[in-house]
Amino acid sequence: MQMKHLLATVTLCLAAGSLPAHAAYSGNYERCLEAAQGISAKEVVCVTSESVYQDAMLNHYYNKLSKGLTPEQAKLLKDAQRAWIIYRDASLPFADSLGGANAINSTRTLMEMTKDRAEELEQMCKDYLK
């Protein structure tokens, strides 16, 4: 239920064009991890919810940047994004292979990589779009 609420909120923000300023993690992420008290199953819910938020941020900044570029630049951005997706997807099996007590390695890696890419795109928007 919590995931459905988060998805609905992110979707409404995107539709209204009112996503908050991106500040690394969402405000709920740290609170969720604290409430999880180190219980892996609960942490998975936190990380999964944060992944949805970070993916929405990535898409927001990708679309914003793409709209502000020339067609040639937009194609280069699209090619770079596709290459990033291939890199991201290839990184997940490695994260999973680390295993150990942490059963959420690939989930956390996916979220962190998405967050980092969203921040890169956000910075490009700030640097290149006036």
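The values are calculated or read from the model by the stated rules, or taken from the named source; none is laboratory data. The structure presented is a predicted model; accordingly, all values stated were derived computationally and were not measured. Note that each Cβ is placed from the backbone with ideal geometry, even for glycine, and that neighbours are counted across all protein chains shown.
Key figures for this structure:
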quantity: Test result for R108, within 11 Å of the chain's Cα centre (by Cα), touching a residue at least 12 places away in the same chain (Cβ under 8 Å) and closer than 21 Å to G38 by Cβ; calculated: yes
quantity: Per-region count, segment 37-67, residues of a type in the set (G, A, S) and in contact with a helix residue (DSSP H, G or I) (Cβ under 7 Å, 6 or more places away or on another chain); calculated: 4
quantity: Odd one out for G100, checked against (1) more than 23 Å from L129 (Cα to Cα); (2) at pLDDT 80 or above; (3) surrounded by fewer than 12 Cβ atoms within 10 Å (Cβ to Cβ); (4) over 15 Å from the mean Cα position of the chain (by Cα); calculated: (2)
quantity: Meets criteria (in a helix (DSSP H, G or I) and surrounded by 15 or more Cβ atoms within 10 Å (Cβ to Cβ)) for L58; calculated: yes
quantity: Index of the failed condition, A41 passing every other in (1) loosely packed, with under 15 Cβ neighbours inside 10 Å; (2) in contact with a Leu (Cβ under 8 Å, 6 or more places away or on another chain); (3) not charged (D, E, K, R); calculated: (2)
